[in-house]
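Data block below; observations after.
The values are calculated or read from the model by the stated rules, or taken from the named source; none is laboratory data. The model shown is predicted, which means the values in this text are computed figures rather than measured ones. Every residue, glycine among them, receives a Cβ derived from its backbone with ideal geometry; neighbour counts consider all protein chains shown. These accessible areas exclude ligands, DNA and RNA; they are computed on the full protein's heavy atoms, side chains included. Shrake-Rupley method; radii C 1.70, N 1.55, O 1.52, S 1.80 Å.
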Amino acid sequence: MDTPWEKVAHSIEFVPVKYSSKSQPESVAQEMLRCGSAEIDRLVAAGLPYEERSGIRHFDPNDLYNLGMYSNTAKTQPELTFRMLFRFAGRPVDDLLRTRIWDFQVRLECADCAGEAPWRLEEPDIARFGGSLTDVTAPAPGSGSATYKATVTTTGARTPVLAPVLRRLTSEYLAAGYRWQMIPVPMQADYALVHELGATSCIAASLLLAERFRDAGYRAEAKRGWFCGVVGGALDLPHACVEVEDDDGRLKTIDIAKAQLAARLSAGTGDFQELCLGSIYNKVIPSTASGNAALGHHDCGSQTPVHVRADIRSVR
Amino acid sequence: MSEPMKSVQQFILERNPGLDRLDGDLDLIDSRAINSLAFVDFIFLLEELMGEAIDPEELDLDDFRTLNAIEARFFKQEAA
């Protein structure tokens with residue numbers, strides 16, 4: 001069946017020029033979207049931004065991801081990826097509450113390194129939620145790249161949000177109809193813009209919701225972390241949720257974007273969606289980083305952000 | 001070579017026109033013969049060939065590192 005690419009293109013928000021990085025050649029676009037150059041021509045005519053370099057069109061990877069995700073073809077790579085990643089959300093939630101152990105490795109790369117200097121990683125911050133961090137090997141000062149290793153134990157707990165105000169604000173956000181999209185991390189920090197476009201993402205959603213909770217008189221902060229079990233570390237997904245102190249004095253996490261995505265991507269995920277609204281589950285490792293902060297730093301003085309790639313494997 | 005492993009080999013060769021043959025111990029990850037774009041497709045292919053679902057949480061990149069590793073991890077019974 002002919003994919004209505006024009007309709008798909010009009011259904012998403014392309015990354016604004018200010019935040020766009022057109023790094024992917026047309027060959028990648030064709031592979032991701034399972035289409036040929038004629039269909040790419042149609043997407044370009046429908047507004048898909050591109051840059052031509054050495055005679056080859058290049059696209060922003062987020063735009064390609066969003067086109068694939070909302071193409072409704074069931075064959076693009078983003079659709080297949082998210083279908084696989086969210087299989088867990090339809091399983092019995094008790095599996096998400098048990099203790100699990102993860103072999104946690106993060107590779108830090110300083111692309112424009114200016115020389116030897118200390119590395120800083122916003123470490124797993126799991127003890128607050130009943131987990132533990134052991135066998136830590138933090139990188140020594142160096143240049144270029146480094147690796148942080150640890151064993152992380154996660155666990156779950158049913159601690160649904162109690163405060164009616166917090167539940168109301170969360171429900172209002174979910175009902176507002178924002179559309180989940182893959183968005184560059186620097187743009188996600190501009191959460192007002194993201195929501196003005198009618199879009200949402202985990203970091204942008206968490207920053208906005210945390211602000212609304214604070215406005216309602218609660219202590220709340222968006223925090224970054226890692227989503228575990230993303231296909232052997234082959235894929236990397238940014239993650240963030242809201243941490244808020246509930247009326248019972250306990251710290252609760254609200255994983256608003258995962259609740260939205262699960263509802264969209266996988267049938268029978270009602271229990272998981274409820275778990276996202278206050279409870280702790282064992283597939284997330286919170287970090288010390290706030291919602292829009294970088295996870296890794298190198299003190300060499302380079303202005304280029306450190307590239308951070310996590311490989312989190314379940315210990316068998 | 002088993003039928004499933006022939007399909008695996010075909011999948012990789014189709015996506016790597018520069019390769020004319022595959023050795024069982026070629027590092028498919030480091031050589032980029034299976035890149036991150038193709039990774040999920042490859043898992044779905046393995047599921048189809050095995051006739052059962054693969055839990056993405058249980059995957060280890062080393063399971064995909066060579067044809068020999070893939071055969072041992074996913075098609076052990078067929079290989080035996």
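Brief remarks on what is shown
- Amide H partners (placed H, <5 Å) of A:Thr288, local residues excluded: A:Glu123, A:Asp125
- Between the listed residues A:Thr200, A:Gly177, A:Phe227, the Cα displaced farthest toward the positive end of the dipole of region A:171-228, a dipole computed from Cβ unit charges relative to the Cα centre, is found at A:Phe227.
- Contour minus Cα-Cα distance for B:Met1 and B:Asp27 (0.36 nm per residue): 7.5 nm
- Under 5 Å from the amide H of A:Arg179 lie the amide H atoms of A:Ala199, A:Thr200, each residue being 5 or more positions distant or on a separate chain, with H modelled from the backbone and absent for Pro and chain starts.
- Note on the protein assembly as shown: helix-only mean residue ellipticity at 222 nm, from DSSP H runs of 4+ residues weighted -39500 (n - 2.57) and normalised by residue number, equals -9500 deg cm²/dmol.
- Span-rule helices in chain A, defined as complete DSSP H runs reaching 15 Å or more along the axis (Cα) with Kyte mean at least 0.5: A:202-215
- Buried on assembly, region A:25-66 (at least 30 Å² less accessible surface than by itself, 1.4 Å probe): A:Glu31
- Cut-off 14 Å between beta-carbons: net charge of the residues surrounding A:Thr155, Lys and Arg +1, Asp and Glu -1: +3
- Computed over protein heavy atoms with a 1.4 Å probe, the accessible surface of the protein assembly as shown works out to 44 Å² per residue.
- Over 21 Å (Cα to Cα) - which of B:Lys6/B:Lys76; A:Lys18/A:Lys75; A:Lys7/A:Lys75; A:Lys223/A:Lys283; A:Lys22/A:Lys283; A:Lys258/A:Lys283 fall in this group: A:Lys18/A:Lys75; A:Lys22/A:Lys283
- Annotation for the B:A interface, with buried accessible surface near 1900 Å², both sides summed [1.4 Å probe; non-protein components not counted].
- Nonpolar atom fraction for region A:94-229, defined as the carbon and sulfur part of the 1.4 Å probe accessible area, stands at 49 percent.
- Delta accessible area of at least 50 Å² on complex formation, residues of region B:31-80, 1.4 Å probe, chain isolated as reference: B:Leu37, B:Val40, B:Asp41, B:Phe44, B:Pro56, B:Glu57, B:Glu58, B:Leu61
- A simple charge model with +1 on the Cβ of Lys and Arg, -1 on the Cβ of Asp and Glu and nothing else charged puts the dipole of region A:71-162 at about 540 debye relative to its Cα centre.
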